[in-house]
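Enquirer: Sharing a structure with you now.
The values are calculated or read from the model by the stated rules, or taken from the named source; none is laboratory data. None of the values given here were measured: they were computed from a predicted structure. We place every Cβ from the backbone using ideal geometry, glycine too, and count neighbours over all the protein chains shown. SASA here: full protein model, heavy atoms, side chains in, ligands and nucleic acids out. Shrake-Rupley method; radii C 1.70, N 1.55, O 1.52, S 1.80 Å.
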Amino acid sequence: MVRTLLRRCAGGVLLSVAVVAAVTAGAAGFFATAAATAWIPLLCAAGLVALAAVAYPLAWPAFALLGLRRRRRAATTFAAGVAVAVGGLATVTVFRPGPHPAAPAPPAGVRFWNLPTGSRIAYVHATATGAPRPAPVIFLHGGPGTPGEGMPAAGTTLAADGFEVYAYDQLGAGRSTRLDDVTGYTVARQVADLDAIRVTLGADKLILIGQSWGGSLAAQYLAAHPQHVARAVFTSPGPIWPGAYTDGGGGDPWARLTAEQRERRDDLFSSPRVIVASILQAINPNAAHALVGDDEADALLHAAALLGKDTANCPGAPPAKVHDNHQGYYGNQLTVEDFAHVPDPRPALRQLQVPALVMRGECDFVPWAQTYEYRRTFQQATLVYLPHTGHNLEGGQPDAYVALLRAFLRDEPLPLPAYTSADPPS
């Protein structure tokens, strides 16, 4: 009697082990197959086969311990039942699409360039109304993959000074092209698009105004095409080269989230679907893209960005405006990944004689040393420190920001003193 009870207990334990081992094997088969293909049905089939291949042989001795005679049928039924249960659970969790609202219609004034690189780029243009200037101004937004909406306020002012001014959504962001092969989001592609824009405009030289990541992109363009840049402005720039920093540089824009905001952000990224997509992204980004498409992923990043939109400002600053020109999730993720592996551009940049203006706010989350490196790298760089503002200089100190841009682009004395020390002002 005791022996029979022990055998049945052992059989029950072995069945439990079989379930855990089968589910683990199924997940391993699913993710291992992702290394070879991005086709989700094949990943699922591989996972189910791996699950059954482990569940069946483990169930056989378990049913023997339980005293069942038709063990083959029982083991087959068990393996099939585990597969159905796991498949059903995955259907309502991992494979259940999240919110993916359709993008609103572009507002008036948005136009498109169809570039020879294959990119369809959305842009806005402020036409020069003053005495014409030889080089157009190009605003480069941050992120990567975090566009603005419409023409920056400073762009209208610069147009009145005679500059043709453009602001565009970079590849994979806003209303511009999303790639089917997400591994195509690279720094080199962004640089190629920018140069194709220059050629489309018929301009020999450009004036680049790069915000945050846009500053990093401007530096990359300068390293590749120094002869085509008249002047460069770096506002709250990201790292010139992330390889110089153990953490990749750029600071932590999430550091100032409240506990409630952190909890809401964690909720956004902790669903089984998002976790599986994150694992797939590390194995095969195109498999992640096949599971979670652009609309859904972009909406997820947009929701996260709304949570943290004011954490980059000084405490007590007015809230930033909200717009519907969505972030590009895969453009962000894959460009950041590629940026971590680009060659060091600083040796080439140190040789340039291109005038550069670097602006930084008091409350910027980007470490001071990374901002100062722009001044140290460019021979003709001027660094200006703006108090009482954060990462978004135009929003925090609009008058000073515009005055600095106008003076620098017109080659006039700057209205604020340059800061020359390697240490930030106290």
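Enquirer: State all residues of segment 295-315 that are small (Gly, Ala, Ser) and touching a Cys at 6+ places or on another chain (Cβ under 6 Å); if no residue qualifies, say none.
Expert: Within segment 295-315, none qualify.
Enquirer: With in a helix (DSSP H, G or I), among the polar types (S, T, N, Q) and surrounded by fewer than 24 Cβ atoms within 10 Å (Cβ to Cβ) as the only criterion, which of THR200, THR246 stands out?
Expert: Unique residue meeting the criteria: THR200.
Enquirer: Here's another thing I want to ask about it. Given the criteria among the aromatic types (Phe, Trp, Tyr), under 17 Å from the mean Cα position of the chain (by Cα) and farther than 21 Å from TRP113 by Cα, does PHE234 qualify?
Expert: no
Enquirer: Filter segment 162-188 for residues that are in a helix (DSSP H, G or I) and open to solvent by less than 10 Å² (accessible area, probe 1.4 Å) and give the result.
Expert: Within segment 162-188, VAL182, VAL187 qualify.
Enquirer: Pick from segment 351-394 the residues that are of a type in the set (Ser, Thr, Tyr) and open to solvent by 10 Å² or more (accessible area, probe 1.4 Å): which of them is nearest to PRO237 (Cα to Cα)?
Expert: Per the criteria, the residue is TYR372.
Enquirer: Given segment 323-403, what helices (runs of 4 or more DSSP H) lie entirely inside it while holding 2 or more residues that are touching a strand residue (DSSP E or B) at 6+ places or on another chain (Cβ under 9 Å)?
Expert: Hits in segment 323-403: 368-377, 393-396.
Enquirer: Is one or more of the residues making up segment 213-233 modelled with pLDDT of 95 or more, open to solvent by 60 Å² or more (accessible area, probe 1.4 Å) and outside any loop (DSSP other than H, G, I, E, B)? Outline the logic, then answer.
Expert: Step one: list which residues in segment 213-233 are modelled with pLDDT of 95 or more, which gives 213-233.
With open to solvent by 60 Å² or more (accessible area, probe 1.4 Å) added as a condition, the list becomes 227.
In the following step, the residues that additionally are outside any loop (DSSP other than H, G, I, E, B) were identified as 227.
Within segment 213-233, one or more residues are modelled with pLDDT of 95 or more, open to solvent by 60 Å² or more (accessible area, probe 1.4 Å) and outside any loop (DSSP other than H, G, I, E, B).
Enquirer: Given the options PRO319, PRO355, name the one that is under 30 Å from VAL110 (Cβ atoms) and either without any contact (Cβ under 8 Å) to a residue 40 or more places away in the chain or not hydroxyl-bearing (Ser, Thr, Tyr) (or both).
Expert: It is PRO319.
Enquirer: Could you tell me which residue of segment 332-350 is farthest from the chain's Cα centre (by Cα), considering only residues that are open to solvent by less than 30 Å² (accessible area, probe 1.4 Å) and of a type in the set (A, V, I, L, M)?
Expert: The residue in question is LEU349.
Enquirer: Among strands (runs of 3 or more DSSP E) lying entirely in segment 106-161, which contain 1 or more residues that are more than 21 Å from PHE339 (Cβ to Cβ) and in contact with a Leu (Cβ under 7 Å, 6 or more places away or on another chain)?
Expert: Of the strands (runs of 3 or more DSSP E) lying wholly inside segment 106-161, those with at least 1 residues that are more than 21 Å from PHE339 (Cβ to Cβ) and in contact with a Leu (Cβ under 7 Å, 6 or more places away or on another chain) span 137-140.
Enquirer: Any idea which of (1) open to solvent by less than 60 Å² (accessible area, probe 1.4 Å); (2) in a helix (DSSP H, G or I) is the one GLU260 doesn't satisfy?
Expert: (1)
Enquirer: Let me ask something else. Can you find even one residue in segment 395-403 that is open to solvent by 50 Å² or more (accessible area, probe 1.4 Å) and in contact with a Lys or Arg (Cβ under 9 Å, 6 or more places away or on another chain)?
Expert: Looking through segment 395-403, at least one residue is open to solvent by 50 Å² or more (accessible area, probe 1.4 Å) and in contact with a Lys or Arg (Cβ under 9 Å, 6 or more places away or on another chain).
Enquirer: Would you point out which residue out of ALA28, ALA35, ALA53 is modelled with pLDDT of 90 or more and more than 20 Å from ALA83 (Cβ to Cβ)? Walk me through how you get there before you give the answer.
Expert: On the way: ALA28 fails: more than 20 Å from ALA83 (Cβ to Cβ); ALA53 fails: more than 20 Å from ALA83 (Cβ to Cβ).
Among ALA28, ALA35, ALA53, only ALA35 is modelled with pLDDT of 90 or more and more than 20 Å from ALA83 (Cβ to Cβ).
Enquirer: List pairs: first residue in segment 178-202 and at negative phi and basic (Lys, Arg), second residue in a helix (DSSP H, G or I) and surrounded by 20 or more Cβ atoms within 10 Å (Cβ to Cβ) anywhere in the structure, Cβ distance under 9 angstrom, at least six positions apart or on different chains.
Expert: Once the first residue is at negative phi and basic (Lys, Arg) and sits in segment 178-202, its partners that are in a helix (DSSP H, G or I) and surrounded by 20 or more Cβ atoms within 10 Å (Cβ to Cβ) give ARG178/ASP294; ARG178/ASP298; ARG178/TYR330; ARG178/GLY331; ARG189/THR335.
Enquirer: I would also like to ask the following. Restricting attention to segment 81-119, report how many residues are surrounded by 14 or more Cβ atoms within 10 Å (Cβ to Cβ) and out of contact with any His (no Cβ under 8 Å at 6 or more places or on another chain).
Expert: The total comes to 17.
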